[in-house]
1. Determine the dipole magnitude for the chain: charges of +1 sit on the beta-carbon of Lys and Arg, -1 on that of Asp and Glu, nothing else is charged, the reference point is the Cα centre, and the result goes in debye to the nearest 20.
2. Viscosity 1.306 mPa s, temperature 10 °C: Stokes-Einstein D of region 138-237 from its Kirkwood Cα radius, in µm² per second?
3. Round to the nearest 10 and give me the degree value, 0 to 90, for the angle of helix 27-39's Cα axis relative to the longest principal axis of the chain.
4. Report the full-extension gain for the segment Ala283 to Val168: residue separation times 0.36 nm, less the Cα-Cα distance, to one decimal in nm.
5. Give the share of C-alpha pairs in each 10 angstrom bin for region 221-332, from 0 to the last occupied bin, in whole percents, shortest bins first.
6. How long is the gain from Ala61 to Gln209 if the chain were fully straight, where each residue apart is worth 0.36 nm and the alpha carbon distance is subtracted?
7. If you line up the Cα atoms of region 14-123 on their principal axes, what length do they span on each, largest first, in Å?
8. Among the DSSP beta bridges whose two residues both lie in region 114-221, what percent are antiparallel, rounded to the nearest 5?
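The values are calculated or read from the model by the stated rules, or taken from the named source; none is laboratory data. All of these numbers come straight from a predicted model, not from anything done at the bench. Positions of Cβ are generated from backbone atoms using ideal geometry, with glycine treated the same way; all protein chains shown enter the neighbour counts. Protein only, heavy atoms only, side chains kept; ligands, DNA and RNA dropped before computing areas. Shrake-Rupley method; radii C 1.70, N 1.55, O 1.52, S 1.80 Å.
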Amino acid sequence: MILAIAEYLNKDLPYKLSPDDVYATIGCSQAIEILLSVLARPGANILLPRPGYPYYEARAALSKLEVRHFNLVPERGWEVDLDNVYALADENTVAMVIINPGNPCGNVLSYPHLKKIAETAKKLGIMVIADEVYDHLAFGSNPFVPMGVFGAIAPVITLGSISKRLVVPGWRLGWMVRNDPNGILKETKIAESIENFLNITVSPTTFIQGAFPHILENTRGRFSNKIIDVLRQTSDICYQKLEDIDCITCPHKPDGSMFVMVKLNLSYLEGITDCVDFCCKLAKEESVIILPGVAVGLKNWLRITFAIDPFSLNAGLDRMKSFCLRHAKLNQ
């Protein structure tokens, strides 16, 4: 199975991974747990994106690893604010995390921007943790580019799983991969620490490990293409419907993953105090569930998923529009 993961990822890389570079985990969640535990030491800090995936904050807190948030810029397609990264990093910074394609933003970072991230990490003397759970789920102008492409500039540890691209979230098979042709992670003993941690923890279910090579061999391109076509269709529906809701602004049309972040303009609404209040009342009145932006680091924003059939998505967004009209201020 390890060889199958390496071969799967090698298709997109300018150099070849060996099985020794690959570690199997119980989904991507265990990979995050192991890696943040390995990097934690007294006084250390890690740079996380805002908005981002909140599990990183939870695991960092458990490991007593200080979190510093750098901003993603919605007006630039949720690119990393690299000046912000420079301002936050110091001699105790161990890594920065990027999520590409983006959760919760639905963005896909471009090749030039990913290269700048790698160059920034090199200047700061840190590694990049590349969360690529949504790898290849890209349907906009930017193709998916693995961060590992730039492993010769700065060491990259890629996190991935089969749950999203192959649509098997309950199978709990993921990986950590060292993209480090210069051997920095070996020299600094980080690779050894990961291996030692794996020796004292549990592994993915054996029959899932056995199935993985057959899944890769027998899953045809049309399966992945169909998923991307559906996501492209539902993202278009989502973006178009949201454009018709006055109190919501969508700064960037989603072009990857399964989500979109939109800004909530409370000045248009009566009796709504913040994004949590909006989501709670929307659920109670319309039975529509969306995530308040504060959960992912941005207050008075909303995260909406379009990983749903078009009929239900249309119905849910129509209900959200009705809710917003019902709560709209009369003078707007």
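1. I would put it at about 260 debye.
2. Approximately 97 µm²/s, per Stokes-Einstein.
3. The answer is roughly 60 degrees.
4. Numbers: separation 115, 0.36 × 115 = 41.40 nm, distance 2.72 nm.
Roughly 38.7 nm would be gained on extension.
5. 14, 47, 29, 8, 2, 0
6. 50.2 nm
7. So the extents along the principal axes, rounded to whole Å, are 35, 34, 28.
8. 60 percent
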